[in-house]
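What follows is a short report on a single structure.
Bear in mind that the values in this text are calculations on the coordinates, not laboratory data. Remember, it's a predicted structure, so these values are computed and weren't measured experimentally. Cβ coordinates were reconstructed from backbone atoms using ideal geometry, including for glycine residues, and neighbour counts include every protein chain displayed.
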Amino acid sequence: MTRAPASSSHPLDGAAGADRRELSSAWALAAEDVDDVPLAAALWSQVDDPRGTSGRARLALLAGDAAGALALLETAGVADVPADGPRNVDHLVVLGCRAALGRQDELSRLVAAGSTLPAQVRLTYLYVLGAAAEGAGQQALADDVWLSVVADHGVRTPHALSRCVAAWVQGRRGTDPRALVTRVAQGAHELVGAVPRPWEDVATLEATTRLLVARGDAAGAALLTAAVCRLGPRSEALDALEAAHAPRRRISQRVVPFLVLVVALGLSMVLVRHGLPGMILGAAAIRASRRWWPPVHGMSVADGRAWDALVALRFDERSGQPQENLTSLRLLPSLGAVCGLGVGVPLGVWWGQWALDPVHGVPVQVAGVVFGLCWLVVPSLAVWAGVRADRERRRRAAARTRAEVDAAELEQAPTCRCWQVSALVGRFAERYATSHLGVATGVLPVAGRAASVRVCPLSGMRWLATASLGGAGVVLLRGPGPGPVAPAAPAAPGTGGYI
């Protein structure tokens, strides 16, 4: 984002105290809309009225400081909740704080209040309930709440989305690797669809993996990070996060069964003068190792097989969603299989005829091993190359589709959005600030970040422009326009306006 040069004057110099409070209050509410807790708390601290205290208490509960939130509300005179139930948001926060501190009766009251609240405070109630359930150790309840926030209310902010995706990934069940991969990929698609994208700002993905690791699901964090990396472009931060969570592959799980195959094939050729029993024994060893031997350190057999299955992950080129059938016929892998068999089988037949000729003196064991390599390894390598090529083709197609969609969205940036949104983040926010909003009147620090005030030329509304929570993007917070100009005082009688 292109920032205006710093000015010696404060952007709000000359604004009345009431105007400053209204600006900070509006910007704080907008920061809450994008779940930028540090920025919202800093802005609420500049509001010296009950709204500021209530805002800081809400954010303290969201940040896990229930005791601090209660203390703030007590200073504002909100110390208890009426017996007939909460009547405002502050009462909800009081119940949430007490529930987070271990009061089971207050958690029960908070849950029961959800059936009687008006629709306009439903989302705020869900945030309070989610934070209270987390503090009370009711993780299943908290997961359901955050899933509702994302699925039912369309919230895609880092705080809500990270918790929703973590709950979704951790909820994977069963032993079918295709089903596990599909579920993890659905969570990854939610992160890729958020703004900003993971390769633009990795903060949301990082928060999600941190939650999964804290819940004891390091395997889920590794699977999710790998799936996100396969859904879009790479970045240094994304590569570093993937490397931090990448598990260690058991090389022995792959090598030992094939060694068994080679040895069995050689012994079979020596003992019974036929390679079929050795091939059957080797195939059984490979099958058994895949079924009962975890292929990845620190993962179950199912998760390890899902990790391997990520290589063959397929997505719909239009929607980007993972396809349920991961084994359907595909052109490039099928072509690779045909080519591999077309080369390996004739080559094996020729080798067998040539090697078994007594004139050449090739040992039977060597002949059997090479014959097996021609029939098994060459087709397998060809299929592997086809899968890799197919995955790369689909990744590039998805990247083109995503770039077209992003370009179409950015074309709308010069149009006024004051009537539509309270906050903007990511590349659209950056483009909107430079192509529509007026030049900043100065620079001021907010929550340790450089920030500037920009003015909409159409509505006159003032937007606060600063760095996003992760520091890699831009966030714009909408404030009100300048207040009405007070009428001039009437002139003293008899002076005609002159002194």
Quickly rank 411-424, 76-89 as a protection proxy: mean count of other C-beta atoms within 10 Å, highest first. 411-424, 76-89
At E392 and W350, where each label point lies 7 Å from the Cα along Cα→Cβ, what is the point-to-point distance in nanometres? 2.8
With a Förster distance of 30 angstrom and the Cβ-Cβ distance between F258 and V338, calculated FRET efficiency to the nearest 0.05 equals 0.80
Of the peptides 165-175, 150-160, how do they stack up when ordered by the mean number of other Cβ atoms within 10 Å, highest first? 165-175, 150-160
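Expressed in nm², what is the orientationally averaged projection area of the convex hull enclosing the Cα positions of segment 69-119?
One quarter of the hull surface, i.e. the mean projection, equals 3.5 nm².
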Compute the label zone of S108 within segment 132-169: residues whose backbone N is under 20 Å from the point 7 Å along Cα-to-Cβ. 132-142
Rounded to 0.05, the calculated FRET efficiency for the beta carbons of T116 and V421 at R₀ = 41 Å is 0.85
Förster-model FRET efficiency, 51 Å R0, A403 and A79, C-beta, rounded to 0.05: 0.40
Net charge (Lys, Arg +1; Asp, Glu -1) of residues whose beta-carbon lies under 13 Å from that of S459, S459 excluded, is +4
Quick one: if you take sqrt(5λ) for each eigenvalue of the C-alpha gyration tensor of segment 22-129, what semi-axes come out, biggest first, whole angstrom? 22, 15, 13
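Dipole size in debye (nearest 20) for segment 97-240 around its Cα centre, Lys and Arg Cβ +1, Asp and Glu Cβ -1?
200
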Full-extension gain in nm, L458 to V366, via 0.36 nm per residue minus C-alpha separation: 24.9 nm
Can you pull the one-decimal nm distance between simple spin-label points at A246 and R210, each 7 Å off the Cα toward Cβ? 2.3
Relative contact order for segment 42-185: what is it in percent, counting Cα pairs under 8 Å that are at least 6 residues apart? 15
